[in-house]
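Step one of this worksheet: look at the structure below.
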Amino acid sequence: MRPFVAGTERDLASAVAEWALSLRERIPAAEKAGEIPRDVIRELGRLGVLGMTVPEPLGGLGASTVAFALVLEELAAAWPSLAVAVAVNTGIVDGTLVRHGTPEQLRRWLPRLIDGSGLGAFALSEPSSGSDAASLRATAIRDGDGWRLNGRKQFITNARYAPLAIVFARIGETDPARAHAGITAFAVPLDAPGVVIGTAERKLGLLASDTSALVLDGVRVDRDAVVGEVGKGFALALAALDGGRVGIAAQSVGIARAAIAIARDYAKHRTQFGRPIVDFEGVRFPLARSEGEIAAARLLFLRAAWLKDHGRPFTREAAMAKLYASEMAQRATHAAVQTLGGYGYMREYAVERYARDGRATTIYEGTSEIQRLVIARSLLLGLQAG
Ligand code: CAA
């Protein structure tokens, strides 16, 4: 029994879980090559995963946030690099266009984000603005009836696969009292003159997921590239991240679950001191603790997803889910590596990969410290939890 989850939502997640299992043999090579194979992205498109939450009239599956979060849990349990690529494309980029895009933007971009020919990117962070996203420096100046964009974006997931990025740039001078004023969102085709994709970052984990810089050197876009309202892009970015945080919570649960499953199987079969190591409390208790924490984290992300599906405020619940689930994934992957001992540190068992991949979950889409800040602000304002 899973509160918040209907049968069809569970079925969708099971179908994706089954498909993701078939990727297992290909993961080590793809992680080594540092890329998600194009045929895997096409297959995600064919399965409908890349347009999962896009309404049916717009070409998507019209599935709920709950279903999508469960799918992300399954993808992450199989391959966390793939899960983050999908989370950004479907959760953040599709979601932003569906909420704020003009009919023309939807017609132009959605098919390319859902058919498996590419994966969308979200370009908010810069070399000098991460947690303090409102201090971004990229600029947009009027150029005839369009805009000219300049700036450097950093740590952009999917940049190499993206037909477009939603780019945040500032219009006018920075007002120190309202740093976010003037920030505007643009749908920028990444084949536009002046767009340069930087070298892929070399990371601790998530090796197959692309993380690259995006340089905008006098990139000209039309007036209709503005997503939402001119000057109102910051709230749009934070709303997108609220949804994204539910997805990262789900990814964290998938990572923890997969690592603990490997540890459990290992502990049942590994014999030391004349008996299976799972007989020792020092081994079984961390597994038991993780099992409970995984269930708690899942309830938190399902609650946030359910609130989003019901049009209710969920900023605080998304932050709580992301904070708890991502921190929980650190404990769980640590316990999993520890259970396998020396083998846990070696590449032949996937627990070391889950531990490396899971480390990112307390950082991207808002660090744990930022989630605490969001929760504390809502608490101090006296807002009710959902
Ligand atoms: N939804 C919509 N609007 C919101 C909002 C939300 N959740 N939270 C705040 N706003 C609005 C406010 O109402 C305010 O608007 P008005 O002035 O019009 O009322 C405006 O946004 C500014 O709000 P704050 O004063 O609270 O903003 P702040 O500068 O103090 O920043 C913050 C708030 C929570 C720290 C925010 O900057 C933040 O979340 N930082 C972390 C950034 C982040 O998560 N980056 C991730 C990068 S993307 C990524 O990782 C994806 C990937 O590729 C994997």
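The values are calculated or read from the model by the stated rules, or taken from the named source; none is laboratory data. The structure displayed is predicted, hence computed values, not measured ones. So basically every Cβ, Gly included, is an ideal-geometry build from the backbone, and we count neighbours across all protein chains shown. For the accessible areas, the whole protein counts, side chains as well, though only heavy atoms, and no ligand, DNA or RNA atoms are used. Shrake-Rupley method; radii C 1.70, N 1.55, O 1.52, S 1.80 Å.
General observations
- Here ALA192 passes the criteria (1) at pLDDT 95 or above; (2) within 12 Å of the ligand (Cβ to nearest atom) except the one numbered (2).
- Within segment 111-127, residues that are farther than 19 Å from ILE183 by Cβ and β-branched (Val, Ile, Thr) reach no partner that is at pLDDT 95 or above and within 9 Å of the ligand (Cβ to nearest atom) with beta carbons closer than 9 Å at six or more positions or on different chains.
- Selection from segment 176-190 of residues that are surrounded by 15 or more Cβ atoms within 10 Å (Cβ to Cβ) and not in a strand (DSSP E or B): ALA179, HIS180, ALA181, GLY182, LEU190
- When segment 11-50 is filtered for residues that are over 28 Å from ARG356 (Cβ atoms) and touching a helix residue (DSSP H, G or I) at 6+ places or on another chain (Cβ under 7 Å), only LEU12 remains.
- Hits in segment 339-355 - residues which are open to solvent by 90 Å² or more (accessible area, probe 1.4 Å) and modelled with pLDDT under 95: ARG347, GLU348
A quick yes/no check of all residues on (1) buried (at least 21 other Cβ atoms within 10 Å of the Cβ); (2) at positive phi; (3) of a type outside the set (Phe, Trp, Tyr):
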| site | (1), (2), (3) |
| --- | --- |
| LEU110 | yes, no, yes |
| GLY144 | no, yes, yes |
| ALA165 | yes, no, yes |
| THR174 | no, no, yes |
| ALA192 | no, no, yes |
| VAL196 | no, no, yes |
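- In segment 112-140, residue surrounded by the fewest Cβ atoms within 10 Å (Cβ to Cβ) [restricted to those that are among the acidic types (Asp, Glu) and more than 9 Å from the ligand (Cβ to nearest atom)]: ASP115
- Residue that is farthest from the ligand (Cβ to nearest atom), among those in segment 149-182 that are over 30 Å from ASP39 (Cβ atoms) and among the polar types (S, T, N, Q): ASN150
- Per-region count, segment 339-359, residues within 16 Å of the ligand (Cβ to nearest atom) and either on the phi > 0 side of the Ramachandran plot or touching a strand residue (DSSP E or B) at 6+ places or on another chain (Cβ under 9 Å) (or both): 0
- Filter result for ARG312 (within 16 Å of the ligand (Cβ to nearest atom), over 19 Å from VAL86 (Cβ atoms) and open to solvent by 50 Å² or more (accessible area, probe 1.4 Å)): yes
- Any chance ALA288 is more than 16 Å from the ligand (Cβ to nearest atom) and either part of a helix (DSSP H, G or I) or open to solvent by 30 Å² or more (accessible area, probe 1.4 Å) (or both): yes
- When segment 233-246 is limited to residues that are more than 17 Å from ALA187 (Cα to Cα) and open to solvent by less than 10 Å² (accessible area, probe 1.4 Å), the one that is farthest from the ligand (Cβ to nearest atom) turns out to be VAL246.
- When VAL253, VAL219, VAL230 are screened for being surrounded by 22 or more Cβ atoms within 10 Å (Cβ to Cβ) and either in the same structural domain as ALA329 (by TED's automatic domain parsing) or within 14 Å of the ligand (Cβ to nearest atom) (or both), only VAL253 passes.
- In segment 360-375, the residue that is nearest to the ligand (Cβ to nearest atom) out of those that are open to solvent by 40 Å² or more (accessible area, probe 1.4 Å) and assigned to a helix (DSSP H, G or I) is LEU373.
Yes/no per residue for (1) closer than 25 Å to THR367 by Cβ; (2) part of a strand (DSSP E or B); (3) over 19 Å from the mean Cα position of the chain (by Cα); (4) of a type in the set (Val, Ile, Thr):
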site	(1), (2), (3), (4)
GLN105	no, no, yes, no
ARG108	no, no, yes, no
LEU113	no, no, no, no
GLY151	yes, yes, yes, no
ILE156	yes, yes, no, yes
ALA169	yes, yes, yes, no
